[in-house]
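Working notes, beginning with the structure itself.
The values are calculated or read from the model by the stated rules, or taken from the named source; none is laboratory data. What you see is a predicted model; the values in this text were computed from it and never measured. Cβ: placed from backbone, ideal geometry, glycine included. Neighbour counts: every protein chain shown. Accessible surface is based on the protein model in full, side chains and every heavy atom, while ligands, DNA and RNA are left aside. Shrake-Rupley method; radii C 1.70, N 1.55, O 1.52, S 1.80 Å.
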Amino acid sequence: MINIVGAGLAGLSAAITAAQNGQECRLISKQPSERAQSVLAEGGINAALDTMGENDSPREHFQDTMRGGVYLADPNAVERLTKNAPEILLWLSRLGTGFNMQGDKLLLRKFGGQKKKRTAFAKSSTGKIIMTALIDEARKYEARGLIHRYPHHELCDLCIKNGRCSGLVISDIYSGKILPLGGAVILACGGLNGFFEGRTTGTTQNDGTAAVIALARGVEFADLEFIQYHPTTIGISGKRCLISEAARGEGGRLFARINGERVYFMEEKYPELGNLMPRDIVSRESYMIKNRADCDGVFLDMTSISEDVWSGKLSDLRKECIYYLSLDPAKEYIPVEPAIHYFMGGINTDIDHKTNIEGLYAAGECAAQYHGANRLGGNSMLGALYGGKTAALNIPHINEDIPELPDDKLNLTLSPDIEEETEKALYDGLGIVRNEKNILGSLERLEKLGDNTNARLAFAKAILKCALERRESRGAHFREDNPETKEIFKKTTIVKAERKNGEYITDISFRDIAEKTNENKA
Amino acid sequence: MKIRLDILRKKFNEDKQYTQSFEYEYSDAGATVAAALCDINKREPLLDINKAPSEPIRWECSCLQKKCGACAMLINGYPGLACDAKLSEYGDTISLAPLKKFPQIADLIVDRQSIFDSLKQIELWFNENAQPNEKRAQLIHEASRCLQCGCCLEVCPNFYADGDFKGMAAAVPLSRLVSEASETEKKRIFAEYEKHFYAGCGKSLSCRDICPAGIDTEYLMVNSNAAAVWKRKRR
Ligand SMILES: Cc1cc2nc3c(=O)[nH]c(=O)nc-3n(C[C@H](O)[C@H](O)[C@H](O)COP(=O)(O)OP(=O)(O)OC[C@H]3O[C@@H](n4cnc5c(N)ncnc54)[C@H](O)[C@@H]3O)c2cc1C
Ligand code: SF4
Ligand code: SF4
Ligand code: FES
């Protein structure tokens, strides 16, 4: 039996793969798949399908991904990802995913950090449309008794002893009933939004608790300092709402209003990729220019996009601007700001998605895989689908009815005011532009909250410590006190926690990036 | 601005429903019912309008932007999404209650499992490769957008849980299958559509007016009827 925690793209992909191989699995999620963050994905999914006559290749997809991630991603994993991407897309097509097409070929759009058109899409609701096809496919295996859904259940603990995972403990959110379940585990529980509530483009479901449990139980994490700010978001009630990169892919242009004039700052500074530079760079440039005393804000100019493109490719996005801002983007400029959008860091896994614990795998946004220091738009849905599949193919079969339960209980929650202070401190220390003073200041604020026995607080501190120790700038991690990218930091940040006398001690170290093996050399 | 929320509550495993009111102050003109519920639950201590201590209000949310269907509930008696309901449009009081066609678990949470069971029962999946087609792209897109929120079922005069008629929450995703099924698989899917939807639908289209995702259910229904029931060429 395989226990999969999370029913977004990564969890569904793992479950379907397992079921296709006749392997039974439990698909555990707080809410049904329809409510997972994956349904929010908008712009598209990457694969070098080369349907646009540009001579694209997986090799170039590999190079763009490695460069985008500023060489922190595992090249062997990225090689496999990019080679397998076309097949993943063809599989989605066979499931009837409603991609935009031209004849019988998938249309591809331009996306940030990539030199060729490589992003398949379904208007600006790509995640939803893919999820619908996958949910239907998973249902087939549910009916055959291979996928067992636990759709209102949350992870309470992982049963890890002596470096081996024998199962997990979940609780029924409706009734509060506790269920211990044996078998290997795949974590597919999404990003760390809950540490930045109201400040991200994601869902409230991904509150970070699953990650907190994993760290507290000895699972290794990596690269937590790399948090992607998306350059174009708008504030709506309770959260940040994304204006997809597709807006720029289809011709949208960013400008700053300076002394009443429009300055198209991205195009001026980066003539080749312009508005479609990787996100870390666009966000940083937007942030810097917005902070100038003579700047009246940054806007997205989509007024030159044609009616055909609006109706055929961006209709959802247009509706959203009208609904939330009462602005028609075809006629008016949209005020935008960067906001937290994606967590490159997460559970450390090898190329097969195995963690440092036997029988425990991780895939999707909760895992630190494929994206290095900065994720390219369109690569995370791909990474989630391919990662879930890879995990399911490699996970060993552990047939245990009853897991070996942990000896102690974890302290996983904070009271609302301490939670709020924790999140504020994180936000202050982990902005688009960082420095040692701010990070240390935030760490001190967390230290003041006392309680070293609280696992959530320990996790929050670990994120800040990663940002502190990486004394360089790379991808999404920009340190104004260390603005250059340093060769000695071309390494993975590794985080581990240990518990001594009930208190957590986290250890941060750096590990070399794998060399590209011959098998994976192009 | 200030608003009073009257919430129809129930504790887990108890039958008794009761109404409890909370006062909520807000300044953001776009503030929604969802934001109010989030904020009220963070209060320490959590007091109701009479300053009586209260348990957190149980409800479901996820995306906070009308895209996941989690937060469907009755708002002033009408089904809708809490994250789509702007407080400023409701004056100084608003009532919140759980959807009625599904069992209430606690407070505003209902168990919508019957929707998912229906989809399983009508075998809503492909056994063979789908046949995507550029010409039907618009329809397939529309048919893939259903949130499975249940609002349409709540207003549908013909739907009740566990009946043979599965309502629009099934017909929307089914119309994707109707449109994309291979020649050999078509028959099975058409039959499911006819039996579990067409035969029971009165075509009053209350579903279209209430759908918070704005799905054009009439467009999907007309197409699926033509293909599955009248056996016209699929568009
Ligand atoms: C607005 C937006 C737009 C995006 N656009 C794109 C795009 O265009 N292209 C792209 O490639 N990527 C995009 N992304 C990123 C991409 O959508 C996500 O990275 C990806 O979908 C993550 O999938 P996942 O399966 O890892 O996790 P999720 O879809 O987040 O699923 C997480 C699952 O874990 C469950 N879960 C969480 N915690 C627990 C717990 N404690 N116990 C039990 N279950 C739990 C949840 O219920 C859920 O089922 C976008 C993201 C956002 C927010
Ligand atoms: S048209 Fe009327 S009967 Fe048919 S599904 Fe919609 S609300 Fe129900
Ligand atoms: S058709 Fe509309 S109202 Fe009905 S379940 Fe789907 S999204 Fe909800
Ligand atoms: S929270 Fe997703 S629709 Fe309201």
Checklist entry - If only one of B:L47, B:L64, B:L5 is more than 9 Å from every other protein chain (Cβ to nearest Cβ) and in contact with a helix residue (DSSP H, G or I) (Cβ under 9 Å, 6 or more places away or on another chain), which one is it? => result B:L5
Checklist outcome for this item: In segment A:359-388, residues that are open to solvent by less than 10 Å² (accessible area, probe 1.4 Å), of a type in the set (S, T, N, Q) and within 18 Å of A:M131 (Cα to Cα) total 1
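Residue by residue, here is whether (1) open to solvent by 20 Å² or more (accessible area, probe 1.4 Å); (2) at the interface with chain B (Cβ under 7 Å from one of its Cβ atoms) holds:
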residue: A:L95; (1), (2): no, yes
residue: A:R118; (1), (2): no, no
residue: A:T126; (1), (2): no, no
residue: A:I130; (1), (2): no, no
residue: A:L134; (1), (2): no, no
residue: A:I147; (1), (2): no, no
residue: A:H152; (1), (2): yes, no
Checklist outcome for this item: Given (1) within 10 Å of another protein chain (Cβ to nearest Cβ); (2) open to solvent by less than 40 Å² (accessible area, probe 1.4 Å), B:D39 misses just (2)
Checklist entry - Just to be sure, is A:I160 among the aliphatic types (A, V, I, L, M) and open to solvent by 20 Å² or more (accessible area, probe 1.4 Å)? => result yes
Next on the checklist: Please determine whether any residue of segment A:33-42 is in contact with a His (Cβ under 7 Å, 6 or more places away or on another chain) and either within 16 Å of ligand 3 (Cβ to nearest atom) or farther than 18 Å from A:S380 by Cβ (or both).
Outcome noted: no
Next on the checklist: Out of A:G182, A:G194, I need the residue that is more than 23 Å from the chain's Cα centre (by Cα) and either at pLDDT 95 or above or of a type in the set (A, V, I, L, M, F, W, C) (or both). Which one?
Outcome noted: A:G182
Checklist entry - When the residues of segment B:204-235 are filtered to those that are more than 15 Å from ligand 3 (Cβ to nearest atom) and in a loop (DSSP other than H, G, I, E, B), which remaining residue is least open to solvent (accessible area, probe 1.4 Å)? => result B:R234
Checklist entry - Within segment A:271-302, restricting attention to residues that are open to solvent by 30 Å² or more (accessible area, probe 1.4 Å) and farther than 23 Å from A:G431 by Cα, which residue is farthest from the chain's Cα centre (by Cα)? => result A:P271
Checklist entry - Mind checking which residues of segment A:406-425 are of a type in the set (S, T, Y) and either away from every other protein chain (no Cβ under 14 Å) or more than 15 Å from B:P56 (Cβ to Cβ) (or both)? => result A:T422
Checklist outcome for this item: Of the residues in segment A:481-522, those that are free of Cβ contacts under 8 Å to residues at least 60 places away in the same chain, in a loop (DSSP other than H, G, I, E, B) and surrounded by 12 or more Cβ atoms within 10 Å (Cβ to Cβ) number 3
Checklist entry - Does segment B:46-64 contain at least one residue that is among the basic types (K, R), assigned to a loop (DSSP other than H, G, I, E, B) and exposed (fewer than 15 other Cβ atoms within 10 Å of the Cβ)? => result yes
Item to check | Which numbered condition B:S175 fails, given (1) more than 13 Å from chain A (Cβ to nearest Cβ); (2) within 19 Å of the chain's Cα centre (by Cα); (3) more than 23 Å from A:I147 (Cα to Cα) | outcome: (1)
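For every residue, the table says whether it meets (1) in contact with a Gly (Cβ under 7 Å, 6 or more places away or on another chain); (2) modelled with pLDDT of 95 or more; (3) more than 14 Å from every other protein chain (Cβ to nearest Cβ).
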residue: A:F62; (1), (2), (3): no, yes, yes
residue: A:N76; (1), (2), (3): no, yes, yes
residue: A:L89; (1), (2), (3): no, yes, no
residue: A:L92; (1), (2), (3): no, yes, no
residue: A:Q102; (1), (2), (3): no, no, no
Checklist entry - Applying the selection to segment A:249-298, what residues are part of a strand (DSSP E or B) and under 21 Å from A:G378 (Cα atoms)? => result A:R253, A:L254
Checklist entry - Any chance segment A:470-478 includes a residue that's open to solvent by less than 70 Å² (accessible area, probe 1.4 Å) and farther than 27 Å from A:D74 by Cα? => result no
Checklist entry - If a residue has to be out of contact with any Asp or Glu (no Cβ under 7 Å at 6 or more places or on another chain), more than 14 Å from chain A (Cβ to nearest Cβ) and away from ligand 3 (no atom under 16 Å from the Cβ) to count, how many in segment B:181-197 make the cut? => result 6
Item to check | Residue satisfying condition, being facing another protein chain (nearest Cβ under 9 Å), touching a Gly at 6+ places or on another chain (Cβ under 7 Å) and more than 16 Å from ligand 1 (Cβ to nearest atom), within set B:F159, B:F126, B:F102 | outcome: B:F126
Checklist entry - Inside segment B:85-180, counting only helices (runs of 4 or more DSSP H) that do not spill past its ends, which hold 3 or more residues that are open to solvent by less than 40 Å² (accessible area, probe 1.4 Å) and away from ligand 3 (no atom under 14 Å from the Cβ)? => result B:137-143, B:168-180
Checklist entry - How many residues does segment A:36-56 hold that are open to solvent by 20 Å² or more (accessible area, probe 1.4 Å), in contact with a helix residue (DSSP H, G or I) (Cβ under 7 Å, 6 or more places away or on another chain) and more than 6 Å from ligand 1 (Cβ to nearest atom)? => result 1
Item to check | Qualifying position, being in contact (Cβ under 8 Å) with a residue 12 or more places away in the chain, closer than 30 Å to A:N275 by Cβ and aliphatic (A, V, I, L, M), among A:A391, A:A339 | outcome: A:A339
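Every residue, every condition in (1) under 21 Å from A:K465 (Cα atoms); (2) surrounded by 21 or more Cβ atoms within 10 Å (Cβ to Cβ); (3) within 14 Å of another protein chain (Cβ to nearest Cβ); (4) in contact (Cβ under 8 Å) with a residue 12 or more places away in the chain, yes or no:
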position	(1), (2), (3), (4)
A:I173	no, no, yes, yes
A:G208	yes, yes, no, yes
A:A211	yes, yes, no, yes
A:D223	yes, yes, no, yes
A:I227	yes, yes, no, yes
A:H230	no, yes, no, yes
A:A246	no, yes, no, yes
A:R257	no, no, no, yes
Checklist entry - How many residues are under 18 Å from A:E419 (Cα atoms) and more than 15 Å from the chain's Cα centre (by Cα) if we restrict to segment A:205-214? => result 3
Next on the checklist: Taking the condition of being closer than 15 Å to A:T390 by Cα, within 14 Å of chain B (Cβ to nearest Cβ) and open to solvent by 10 Å² or more (accessible area, probe 1.4 Å), how many residues in segment A:1-35 meet it?
Outcome noted: 1
